[in-house]
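**Student:** Okay, here's the structure, questions in a sec.
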Amino acid sequence: MSNIKKAFENGKAFIPFITCGDPDLETTGEAIREMVKNGADLIELGIPFSDPTAEGPVIQGANLRALQGGINTDMIFEFVKDLRKDISVPMVFMTYANVVYSYGAEKFISTCAEIGIDGLILPDLPFEEKGEFIDICHKYDVDLISFIAPTSEDRISMIAKEAEGFLYIVSSLGVTGVRSEITTDLPSIIKVVRENTDIPCAIGFGISTPEQAKKMADISDGAIVGSMIIKMLEKLGKEAPPVIGEYVKEVKEALRR
């Protein structure tokens, strides 16, 4: 069984995203420990990239700050190895295909398996081009997580049938970032997903408040939040972890209601 499934075993899953190294790895580690302590079920770890096309200005800023601070992939691998000494919830990397290519796909994915990374999310990898990564992911038991977007339409069933780990349902068109409301017809997308797979699905992009997260989790298996957490780090820096922990606790309580 994929370790990622564990995140969805106790009701609706809360999946926070954090960019590694913003403002530094020590703060990232403290924030992750606060998230887990307060009920996060799976952690999405962003590996900074210089051209993060799926991200809005908030997460782009985090990428930039981390890179300017000298963060690189090897440092993040070491960091995760250390995290795994006391963090047992599933963890996945979210990064860009170029990061994996330039590191060497086999070397990157085998290292993920070694350090306890359960899955890989590559927002710029078209579903039709996943072939170059999927065999290596299978070899090392790392789930390659697929996206379903509002534009996927007649491809939803095909993507769902081949899904691994969990399905990332993109709530709205455009880039990541906080939205005041989400207007996509998500129930009809999720209906098609349910008809084609029993893999859990979680909704991300645009979720900021506990109420929004609850609304999204009610129609799926969980909610993903990134920009809201990054905003706290941007504003509070090293002081952010306890505030992030409090926020995760509020969201998790909303999901349990």
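What follows is calculated from the coordinates using simple rules that are stated; it is not laboratory data. Predicted model only: the values in this text are computed from it and were never measured. Neighbour counts are summed over all protein chains in view; Cβ atoms, including those assigned to glycine, are modelled from backbone coordinates with ideal geometry.
**Student:** Given the condition under 22 Å from MET216 (Cα atoms) and surrounded by fewer than 17 Cβ atoms within 10 Å (Cβ to Cβ), answer yes or no: does some residue in the stretch 10-26 qualify?
**Tutor:** Yes.
**Student:** Let me ask you something else. Consider ASP86 carefully, then state whether it is more than 20 Å from LYS235 (Cβ to Cβ), under 18 Å from the mean Cα position of the chain (by Cα) and not polar (S, T, N, Q).
**Tutor:** No.
**Student:** For residues that are in a helix (DSSP H, G or I) and hydroxyl-bearing (Ser, Thr, Tyr), scanning just the stretch 206-248, find the one that is nearest to GLU44 (Cα to Cα).
**Tutor:** Filtering the stretch 206-248 for residues that are in a helix (DSSP H, G or I) and hydroxyl-bearing (Ser, Thr, Tyr), the one nearest to GLU44 (Cα to Cα) comes out as SER227.
**Student:** Please count how many residues of the stretch 118-148 are under 22 Å from GLY204 (Cβ atoms), touching a strand residue (DSSP E or B) at 6+ places or on another chain (Cβ under 9 Å) and either crowded, with 23+ Cβ neighbours inside 10 Å or without any contact (Cβ under 8 Å) to a residue 40 or more places away in the chain (or both).
**Tutor:** 18
**Student:** Now, a different point. Filter the stretch 44-72 down to residues that are within 23 Å of LYS238 (Cβ to Cβ) and β-branched (Val, Ile, Thr) and give me whichever is farthest from the chain's Cα centre (by Cα).
**Tutor:** The selected residue is ILE71.
**Student:** So, one more: Applying the selection to the stretch 35-90, what residues are outside any helix (DSSP H, G or I) and aromatic (Phe, Trp, Tyr)?
**Tutor:** Scanning the stretch 35-90 gives a single hit, PHE49.
**Student:** Among the residues of the stretch 237-257, which ones are basic (Lys, Arg) and out of contact with any Phe, Trp or Tyr (no Cβ under 8 Å at 6 or more places or on another chain)?
**Tutor:** Those that are basic (Lys, Arg) and out of contact with any Phe, Trp or Tyr (no Cβ under 8 Å at 6 or more places or on another chain): LYS238, LYS249, ARG256, ARG257.
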